[in-house]
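As structure tokens, the structure follows; a few thoughts come after it.
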Amino acid sequence: MYDPTAIDALSASQPMKAVARPRGVGLTLTILGLSICAGCGVQAAFGPVQEFARLDLGLTDLQMGLVQGMAVAVPAALLSIPVGWLADHTNRVRMMVVLAILWSIGAAASAFATSFELLFAARMLSALGLTVVLPVAISIAADLCPPEKRGRSLLLLSMGKVFGLALAFALGGAVFGMLSARTEPLFGMAAWRATQLIFAAGSALLVLPLLLLREPARQEVAKAGAGFKASMQALWERRGLLAPLFIGQITVIMADASASIWATPVLMRTYGLAPAEFGGWMGLVLLGSGLVGTIVGGLAADAGLKRAGGRGLLMAAVIASAVGVPASF
């Protein structure tokens, strides 16, 4: 079993550099990034084929908006704080494995959904990959990296999300195109359903390396034994930093989600394009913009934290968010 931090031999009170081994840390971050790629990819893979699912199930645009939007928001709203508390008090690697199993089941269930209600429930499960797992992975990675290098070190995790979203469109469109061209349906299923099933299987394979990891030693243990009430108090004490970040994140995610959710209907209904025709270049757009934003964001986070602490970090987030305003118009 691979152990990146040798926690059996070293105590949590020792300096970070004495605990973490650079090669092991890099491999651990890569495995976490692959898992995030799988979770985000399997959730976003529904986007390129959503029009065919809508027609197959006889859904309205309102119902499709709920499946693509509300089904993602509900797990985040209900589980983010409880999962965050569990990440502070339980084995995070095991949590990642459980979440990976759930989002893979959700993706597979989407392939067999026969109604709006079943599809909504399946999408809620698969949404765990996009909403809940990232904070858990960040918590693990933060214990492996010194504070002054965390922004750059967490680039691998952010890149996992970027690659997952890009591959969902590029591979999703290509796979759907190949399945649609078959004379006989694969597994006897509609092409959009078989595409979801293939992505679910791929997700399960990508998260297998998680089984090689062990829980790293916690480096910030001042309140490790605190209860839920104390944890909420700690959040309240940091409201000056967290509240602006929370509000800003909501607005940015709303803009980002609206573009990604309705891109396929617009491209198909207005421009007559098929997923195989737009999936590739949409994937490249998501990949290019995501990589640039991730790299610049990581460097800006480290620079802002070094110069002005929390205020500098917040200012870097404000500047990065403001860049997207002209693009939205």
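The values are calculated or read from the model by the stated rules, or taken from the named source; none is laboratory data. For clarity, every value in this text was computed on a predicted model and none was experimentally measured. Glycine also receives a Cβ, built like all others from the backbone with ideal geometry; neighbour counts cover every protein chain displayed. These accessible areas exclude ligands, DNA and RNA; they are computed on the full protein's heavy atoms, side chains included. Shrake-Rupley method; radii C 1.70, N 1.55, O 1.52, S 1.80 Å.
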*Relative to the longest principal axis of the C-alpha atoms of the chain, give the angle of the C-alpha long axis of helix 22-44, reported between 0 and 90° and rounded to the nearest 10°.*
30 degrees
*Using R₀ = 22 Å, calculate the FRET efficiency as 1/(1 + (r/R₀)^6) where r is the Cβ-Cβ separation of Ala257 and Ile295; round to 0.05.*
0.45
_Loop-located trypsin sites (Lys or Arg not before Pro) in the stretch 224-274 whose Cβ has at most 12 other Cβ within 10 Å (DSSP)_ = Arg238
*Residue-averaged [θ]222 nm for the chain, counting only DSSP H segments that reach four residues, each worth -39500 (n - 2.57)*: -25000 deg cm²/dmol
*Which of rounded, prolate, oblate describes the stretch 104-184, given a ≥ b ≥ c as roots of the alpha-carbon gyration tensor eigenvalues and a/c under 1.5 marking rounded, otherwise prolate only if a/b is larger than b/c?*
oblate
*So how do Ile295, Ile31, Ile319 rank on accessible area, 1.4 Å probe, biggest first, that is with the largest at the start?*
Ile319, Ile295, Ile31
*To the nearest 10 degrees, how steep is helix 191-206 against the longest Cα principal axis of the chain, on a 0 to 90 scale?*
20 degrees
_Compute the orientation-averaged projected area for the chain from the convex hull of its Cα atoms and round it to one decimal in nm²._
17.4 nm²
*Keeping the other protein chains in place, figure out the carbon and sulfur percent of the accessible area of the chain, with a 1.4 Å probe.*
71 percent
*Which angle from 0 to 90°, rounded to the nearest 10, does the C-alpha axis of helix 71-89 make with the longest principal axis of the chain?*
20 degrees
*Across bins of 10 angstrom width beginning at 0, how are the C-alpha pair distances of the stretch 50-162 distributed, in whole percent?*
14, 38, 29, 15, 5, 0
*Find the relative contact order for the stretch 138-215 and round it to a whole percent, using C-alpha pairs within less than 8 Å whose residues are 6+ positions apart.*
20 percent
*Between Asn91 and Met189, 0.36 nm times their residue separation minus their Cα-Cα distance comes to what?*
31.4 nm
